[in-house]
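The values are calculated or read from the model by the stated rules, or taken from the named source; none is laboratory data. Predicted model only: the values in this text are computed from it and were never measured. Note: ideal-geometry Cβ built from the backbone for every residue, glycine included; neighbour counts use all protein chains shown. Each accessible area value is taken on the protein alone, full model and side chains, heavy atoms only, with ligands, DNA and RNA left out. Shrake-Rupley method; radii C 1.70, N 1.55, O 1.52, S 1.80 Å.
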Amino acid sequence: MRTIDHVIANHSGGGTPPRTHKVWNPSTGEVQAEVALGDAALLDHAVAEARKVQPEWAATNPQRRARVMFEFKRLVEANKQALAELLASEHGKVVDDAHGDIQRGLEVIEYACGIPQALKGEYTQGAGPGIDVYSVRQPLGIGAGITPFNFPAMIPMWMFGMATAAGNAFILKPSERDPSVPVRLAELFIEAGAPEGLLQVVHGDKELVDAILDHPDIAAISFVGSSDIAQYIYSRGTANAKRVQAFGGAKNHGIVMPDADLDQVVNDLTGAAFGSAGERCMALPVVVPVGEDTADKLREKLIPAIHALRVGVSNDKDAHYGPVVTPEHKARIEQWIDTAEKEGAEVVIDGRGFSLQGHEKGFFVGPTLLDRVTPQMTSYQEEIFGPVLQMVRARDFEDAVRLPSEHQYGNGVAIFTRNGHAAREFAARVNVGMVGINVPIPVPVSYHSFGGWKRSGFGDIDQYGQEGLKFWTKNKKVTQRWPDGGGDGSNAFVIPTMG
């Protein structure tokens, strides 16, 4: 049995045998590895190693830090196929989708390559008599990231790329369900020229998470996962005087106006709802056609498109999506379909009990379409996180704005329309953090920022871009005067003003 270890400077791996967690192959239903789980003592060791290297790294010319990011980008690109195959083998997403996972992370690394420009502060000459004011952004020290299973390459790179480029050391606690790609990324980061101990990977469960939240030398924590855990991490972390950004669950809606191009909508919906087996926080699991006529026409086109989807193993080049990540998650998704049916939803296409010939033990869920879903149903209110598309029929435009605005989650939303006024009105009024207009998965590019509202995001600062730079740095303001002599000290006790 393969054992996946931590990536910690000067860590031999000896001592008491660690607790472990199973790493499945979702396509076969077999355990392929075990990952060692760390504890507070192991975290102490990692933090001590980070403290050794962080001050010198922070003092390194930002252009030299950028060169490490450039080399890391090159190494990831050179190893991209192997990384994608490794990712797919543990997560279950198909290899092409795994390439996208890596690429979206690399785009933030590309942004971090411009850190000398991004870090430049502000300067005001002559703010007062002989007084200049300037600001500089300085690193926090040691940051930590707690990342989910669904994007084991992208989200770690979102976090450690910005944090380390800004001059921090970083400790990553990836999901124990698919930990191999984060380990490999850390190895490539060291190969790129980063000092050992700057980026470390510690595996663990709640015991280790709590140790991160409580450690006095960890200044900031970034988290992506479920909303309940996000709220817990935000509350406990901020109670310990840490800077915390915690992103939670989602129930993204796709509004379909009567004038929308329904053929394009169906193409977008099948990819956004069922791609990666629906295991994306920016998936589109709720479609909201406006008006009964629109709903009936959309349903008529969706049914054959969903039936045409090919479910396969992660390395099947013809598969649209693969298995879900664990047997427990498969059971949970099917239980949600049961719940929706009991609540009165119409099961138009049923993915329960799906079995792939030759891979009967794999964790596959067939594509599912539920119609006549209402906001009162718990299956609508909660995140299913699987290949399940729910149709909620809206009476009119006002109803379509209200549904996502009043939902507990506010991560993403999309509207499909040819009407510019309707799109503009919707984007302005909807109470959701990321909006797509004829774009089904509106994840912002790397030089903007990512973040949801309501129970989808806890904290004031978003991921990556200038927002990410703000999160991983503190802004120091300097007011300076170089006296030329002759002062009598008569104003020494008066607060300086610009008047």
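Against the numbered list (1) closer than 18 Å to I190 by Cα; (2) more than 21 Å from the chain's Cα centre (by Cα); (3) free of Cβ contacts under 8 Å to residues at least 24 places away in the same chain, A41 comes up short only at (1).
Screening the candidates Q138, Q125 for the property of being more than 24 Å from Q245 (Cα to Cα), open to solvent by 30 Å² or more (accessible area, probe 1.4 Å) and polar (S, T, N, Q) yields one hit, Q125.
Mind listing just one residue for me: the one in segment 350-369 that is assigned to a strand (DSSP E or B) and open to solvent by 10 Å² or more (accessible area, probe 1.4 Å) and, of those, nearest to A272 (Cα to Cα)?
The qualifying residue nearest to A272 (Cα to Cα) is L356.
Whether a residue is open to solvent by 20 Å² or more (accessible area, probe 1.4 Å), closer than 19 Å to A283 by Cα and of a type in the set (S, T, N, Q) was assessed, and Q376 does not pass this test. Screening the candidates Q103, Q63 for the property of being among the polar types (S, T, N, Q), more than 19 Å from the chain's Cα centre (by Cα) and either part of a helix (DSSP H, G or I) or surrounded by fewer than 19 Cβ atoms within 10 Å (Cβ to Cβ) (or both) yields one hit, Q63.
Among the residues of segment 66-100, how many are under 17 Å from F170 (Cβ atoms) and either open to solvent by less than 10 Å² (accessible area, probe 1.4 Å) or among the small types (G, A, S) (or both)? Adding up the residues that qualify gives 4.
Residue pairs whose Cβ atoms lie under 9 Å apart, separated by 6 or more positions or on different chains, with the first residue in segment 295-309 and within 16 Å of L370 (Cβ to Cβ) and the second aromatic (F, W, Y) and not in a helix (DSSP H, G or I), are L309/Y321. Does segment 221-234 contain at least one residue that is in a loop (DSSP other than H, G, I, E, B), open to solvent by less than 10 Å² (accessible area, probe 1.4 Å) and in contact (Cβ under 8 Å) with a residue 24 or more places away in the chain? No, because not a single residue in segment 221-234 is in a loop (DSSP other than H, G, I, E, B), open to solvent by less than 10 Å² (accessible area, probe 1.4 Å) and in contact (Cβ under 8 Å) with a residue 24 or more places away in the chain. Residues that are outside any helix (DSSP H, G or I) and within 19 Å of M434 (Cα to Cα) within segment 258-292 comprise E279, R280, C281, M282, A283, L284, P285, V286, V287, V288, listed in sequence order.
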